[in-house]
Structure formats: structure tokens, C-alpha cells
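The values are calculated or read from the model by the stated rules, or taken from the named source; none is laboratory data. Quick caveat, the model's predicted, so the values are computed rather than measured. Backbone-built Cβ (ideal geometry, glycine too); neighbour counts: all protein chains shown. Heads up: the accessible areas ignore ligands, DNA and RNA and are worked out on the full protein's heavy atoms, side chains in. Shrake-Rupley method; radii C 1.70, N 1.55, O 1.52, S 1.80 Å.
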Amino acid sequence: MPDRPYVLLSAAMSVDGHIDDSGPEPLLLSDAADLDRVDEVRAGVDAILVGATTLRRDDPRLNVRSAERRAARVAAGRPAYPLKVTITGSGDLDPGARFFTTGDGPKLVYAATPGLDTARKAVGAVADVVDAGDPLDLHRLLADLSGRGVARLMVEGGTGMHTLFLSAGVADELQLVVAPFFVGDAQAPRFVGPGRFRHDAAHRMRLAEVRPIGDLVLLRYLLGAAGG
């Protein structure tokens, strides 16, 4: 098995690059057809990862919703649900979050060393908590996932995770859905934060697919060895 999984980064954003607004409820950027597409992608991976900030802000389930897709996974000898993974620096996690309480699959928490004890006290009863180093070592994390049999990892956000994986040059594919409106909110989270990215103006990503989904558009880029 390779020393790290194939990393697929999935996000939806407004035309002006925001993945949410600053309101109390998550901003809906996708429609029903796109949510079903995301569910299909989830069904094809071994693990789904989001950052702890996304858990606290959006309280996502990160499950495969389609019973048919779960059944197909089981028929293929795979677990019904992909492994759910989160990354935390502080260890401040709620064991009652839907990430931990929904779905039959295992849950995995990678904590930076300073937050390890806090994370274990908070969610050690409902998740496997792993020391990810100080500072958090993304390559060590990916190698650990590979050792657990994860060949395909889907990263769903938020800003910190998008920035971390893209700036580290370990994302192989980007699936970016653009919604046809502006957020225009300086306090709203963006798709990525400041960073030094492998794919700059001199090293362009390879566009593999453009697909209209209602009034949305999916842009699929290849970033790894296949993308140049």
C-alpha cells in the first residue's frame, strides 16, 4: 500500500470564495442534486475528514445517506460507512456531536500533542484518539491512515483543513462546486486562508471535468502526479 492515501478535497463556495456566511446556521451552497453527488463520492472513499472547527460550527453527520450505496459497500466487503476522521489542536470536542453519535462506523481523532489529554478526556470513550505530533504532522497522520487500510481519503473542510492539505501539497484531486451568488461578508470563512501553495500561477492545476449541476458548476482538478 502507498505511504499515504489518495486525497480528494471537496468543497462548495460562493462566487466570491466563501464556504459559509457569519450567521448562526450553516449557509446552504449546494442543491439536492449536488448533495446526492457528494453522497456518491463519500460512498467511494475509505475515510472522510473535517477539522474540529467544522465540527463545532456545523455539527455535520458525514454519513453515506443512501441505503443502496451503503448496501453496495457491504456487498463489496467494505464497512457500510467510511471511517470518520477529525483533526484538533486544542482537543476541545463534544462527544455529543453528530460526528460521534451517528453512523455505525469508527471515529478517529488526530490531536496535536498539547491537546491530546484534553481530547482523550472529552471523546476517548467514543473515538480512537491518536497523537499527531507537536506541531501536528500531516505526513505522519496520512501514513497512519494508510496503515489503517485507508486508500482514499475525502477532505470536506473547513478553511483550515483546505489550507493545510493544499499548502502541504498532499491533495491529489480537488472537487470544487461554485454557487451562483455572492456572500460579501468580511467575517465569513473562505475556501482557503493565506498560505504558500504548490499550485500557483506558474504551476497550474489540470482541469479534468466541468459539470453543470442545476445553476451550480462542478470544477474537478487534478493536483497530484496525474495533474502535473
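What value does region 20-143 have for Rg/Rh, both radii from Cα atoms and Rh as Kirkwood defines it? Looking at region 20-143, the ratio lands at 0.99. Per the Cα gyration tensor, region 100-192 maps to an equivalent ellipsoid with semi-axes of 26, 17, 15 Å, ordered largest to smallest.
Alpha-carbon geometry of the chain: the Rg and the Dmax are 17.0, 47 Å, given in that order.
Take the Cβ atoms of Ala186 and Leu35, set R0 to 30 Å, and the FRET efficiency comes out at 0.60.
Element breakdown for region 26-156 at a 1.4 angstrom probe: carbon and sulfur atoms account for 51% of the accessible area.
Between His203 and Ala168, the modelled label-to-label distance comes to 1.6 nm, taking each label 7 Å out from Cα in the direction of the beta carbon.
Using a 1.4 Å probe, what is the accessible area per residue for the chain, in Å²? Walk me through the numbers before you get to the answer.
Numbers: 10870 Å² over 228 residues.
Solvent-accessible surface per residue comes out at 48 Å².
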